[in-house]
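Presented below is the structure to which this report refers.
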Amino acid sequence: EALRLTREVLGEKHPDTRLSKSNLASVRIELPSWSHLAVDPARSLVRDIRAAREVAGFTPSEEAQLAREEKSQSDQFRLFANAAWSRGPGLVAEARESGAKPLTASEQAGLREEVLTALQDTLASAAGKAISATVARKAAGPLEPLAIEREELSLQWLAIDKALIKILGESNGASDDAQNERRNNLRAQLAKLEADMKAIDERLQKEAPEYFALIRPEALALAAAQEVLASDEAALMVVPTTYGTHVMLVSDEGLRWIRSDWISDKVDAAVKRLLWDVGADVDVNAAEWVEWGEEGAGAYPFAFDSAHALYRELIAPIADGLQGKKHVFISASGSLSSLPFGMLVSEVPTGDSGDPDVLRSAKWFADDYALIQIPTLQSLEFLRKYRASDGKAASLPFLGIGDPVLTGKAQKRGNRRSSQSNAKSANAKNNGAFKRMFSGTPTRGGASIANISELRKMARLPGTATELTAMWEEFGKLDNSLYLADQATEGFVRTQSLDANIIAFATHGLLAGEIGGTAEPGLVLTPPSQASESNDGYLSASEISALKLNADWVILSACNTAAGDGSEGAPGLSGLARSFFYAGARNLLASHWPVRDDVAAKLTVRTISIARDNPQLSRAEAFQQAMREIRNDKGADSDNDTWAHPSAWAPFSLIGDGAK
């Protein structure tokens, strides 16, 4: 009744009407005898959202509004998935008693396809959008430079709009006249950018209309998704919600859909446990620290119970549908986007969980399939379309950049779990220093120029030189392909042609959550003698986005390069990964936690050499074999260490189209 009245008074498109639909669907889901009726208002809500997207324009303010609505819309798509489950596979006895009839096989299939597109919308991410933008630029043909200019203007508009909002909300003691002058200046800049973008958009609409369809793509229907996948490939979408975790399997054999009873909080807890176990940067309380530190037996225990529980809930119910597949693409949301699925196990092995032989004997998901992380199904389609249409060969086989000149005490990368308490204290100390690095002069875009005296105090990472040199040697020590120390500068990266089949960065990677303020995630390079807006020794995410890359692989051997951008609720792959895809990378090898110095060079170099020496293998298969070799190498076994632990062999995820 409330929904009917709201419709009559405010109309179908009013925000309050949408809210009424959402509330009605939520209430019905909670009531067993009414749960099957939740799908109708939830479906209507999804249709409203998609209809609004179709008529939304492409001005900076309209695109910013869509971005602001993205999280709430994602919640509504998840609501629909749960409502659909209650009507279809999850129909309960109370609902049947109230008159709900089970759906026919055909109706169930139709409902699954509806959920397939809804879950794709929940997985929309900055990394996926970056891939869409890259393909859209190529589709613009001769107007590609104009499309690039439009994207750069859009980034400037967003930064200036953010700066204007900040000024409007603060009072820093400046006179009214000074504040008004700053506001008017920023408004004038916004107006100029909008006029410039309008002129570009008019030309693109006329001469390259496909551009706008590609930068705002629609979810793939089942047939289109199957067309993207080869017969030996499958795609998994995994979406935790407050009602349970949805898992969808797409392959040439059809579409499978299950929902685990594990809600997002329970999934988050298991992921947190595993990430703590491998030395990732996660917040734990004192009780968890003590409890987890005492669990397990042997030199280097691993939380097999948590790894198996996630496998049991998310993979086991659809495991038979993976039989015969070589490559599995995984698109996951929430905390799962920060977890390499290869460290899940199909059963808990017998014996001490920290015994190297037990660790090696475990049935790791990484051994069953070559796993590849993707932002969305659409991004895989676009990557394949882009790669097929981009015939430009790279001028170099390899380009390595890293080991910046820093004055801090040399450190090894990769903190072992046994020393995490020390690392935690160091991180707390470092975070204060990081914030001081970016508290200085704001740039025209609203970010901050790094304080190079603070930046220079960071620890030197000699292991990065070892890793990059080993890669360089694999390619015959070619001239002009290795840039270390004084040569590893932001000026070089931003002005030289980054045109190589493999481009590797090995250095400090900082997250937005670590550095705070107006700074962005980025990579540390050798600081200049004097900082400027174009060169302050810190290659930020927006600066990476502006690079022009031609690379099949970009290897990011640093800390947490697969993590989010630091914003509230940001998914994994929304930070540095997004920026490198935007710049033109077609595949990334990015890390979820600090990579160990004693492993990094072996893992990355072996991946490269296996792929080079075995052209019949895909990138993902080469990476899979390299991880297996590290895990089975007994050379590092000791009373308190082993490479058989996932902390050593599983920090990286291959992101992109690694099956080719």
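Table for the structure above
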{"item": "Rg(Cα) / (2.2 N^0.38 Å) computed for the chain, rounded to two decimals", "result": "0.97"}
{"item": "Karplus 3J(HN,Hα) series, Hz, for the stretch 250-265 with 6.51 cos²θ - 1.76 cosθ + 1.60 (x for Gly, Pro)", "result": "10, 8, 5, 8, x, 10, 10, 9, 9, 10, 6, 6, 6, 7, 4, 4"}
{"item": "Whole-Å distance, taken between Cα centres, linking the stretch 151-171 and the stretch 334-358", "result": "44"}
{"item": "Cα-Cα over 26 Å, subset of K129/K385; K162/K385; K138/K660; K326/K602; K71/K166; K162/K206", "result": "K162/K385; K162/K206"}
{"item": "FRET efficiency, 1/(1 + (r/R0)^6) with R0 35 Å, evaluated for E533 and S609 via beta carbons", "result": "0.30"}
{"item": "Long-range HN-HN contacts of L482 with modeled amide H, under 5 Å", "result": "G400"}
{"item": "Potential lengthening between K385 and D177 on full extension [0.36 nm per residue; Cα-Cα distance subtracted]", "result": "69.5 nm"}
{"item": "Cα pair distances of the stretch 270-392 binned at 10 Å [whole percent]", "result": "11, 36, 31, 14, 6, 1"}
{"item": "Förster radius 35 Å - calculated FRET efficiency between Q616 and E107 (Cβ-Cβ, nearest 0.05)", "result": "0.20"}
{"item": "Förster radius 25 Å - calculated FRET efficiency between E294 and K409 (Cβ-Cβ, nearest 0.05)", "result": "0.20"}
{"item": "In sequence order, calculated HN-Hα J values of the stretch 462-468 (Karplus, 6.51, -1.76, 1.60; Hz; x Gly/Pro)", "result": "x, x, 5, 5, 4, 5, 5"}
{"item": "Sulfur and carbon atoms: percent of accessible area, the stretch 29-89 [1.4 Å]", "result": "54"}
{"item": "Rg/Rg_ref, the stretch 174-213, where Rg_ref = 2.2 N^0.38 Å and atoms are Cα", "result": "1.81"}
{"item": "The stretch 472-485 - phi-based ³J(HN,Hα) in whole Hz, Karplus 6.51/-1.76/1.60, Gly and Pro as x", "result": "4, 5, 4, 9, x, 6, 5, 5, 6, 9, 9, 10, 10, 6"}
{"item": "Within the chain, helix-based [θ] at 222 nm, where runs of 4 or more DSSP H residues each add -39,500 (n - 2.57), nearest 500", "result": "-15500 deg cm²/dmol"}
{"item": "Equivalent ellipsoid dimensions for the stretch 30-128 as semi-axes, Å, which come from the Cα gyration tensor, largest first", "result": "31, 13, 11"}
{"item": "Pairwise label distance in nanometres, E149 with S231, each label 7 Å out on the Cα-Cβ vector", "result": "4.9"}
{"item": "Inter-probe distance in nm under a simple model that places probes 7 Å from Cα toward Cβ, at K192 and I167", "result": "1.3"}
{"item": "Volume per residue of the C-alpha convex hull in the stretch 460-508, rounded to whole Å³", "result": "83"}
{"item": "Theoretical gain in end-to-end length, A67 to N480 [0.36 nm per residue, Cα-Cα removed]", "result": "144.6 nm"}
{"item": "For G244, distant residues with modelled amide H under 5 Å away", "result": "S264"}
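The values are calculated or read from the model by the stated rules, or taken from the named source; none is laboratory data. Note that the structure is a prediction, hence the values are computed from the model and not measured. FYI the Cβ positions are ideal-geometry reconstructions off the backbone, even for glycines, and counts take in every protein chain you see. With ligands, DNA and RNA removed, areas are computed over all heavy atoms of the protein, side chains included. Shrake-Rupley method; radii C 1.70, N 1.55, O 1.52, S 1.80 Å.
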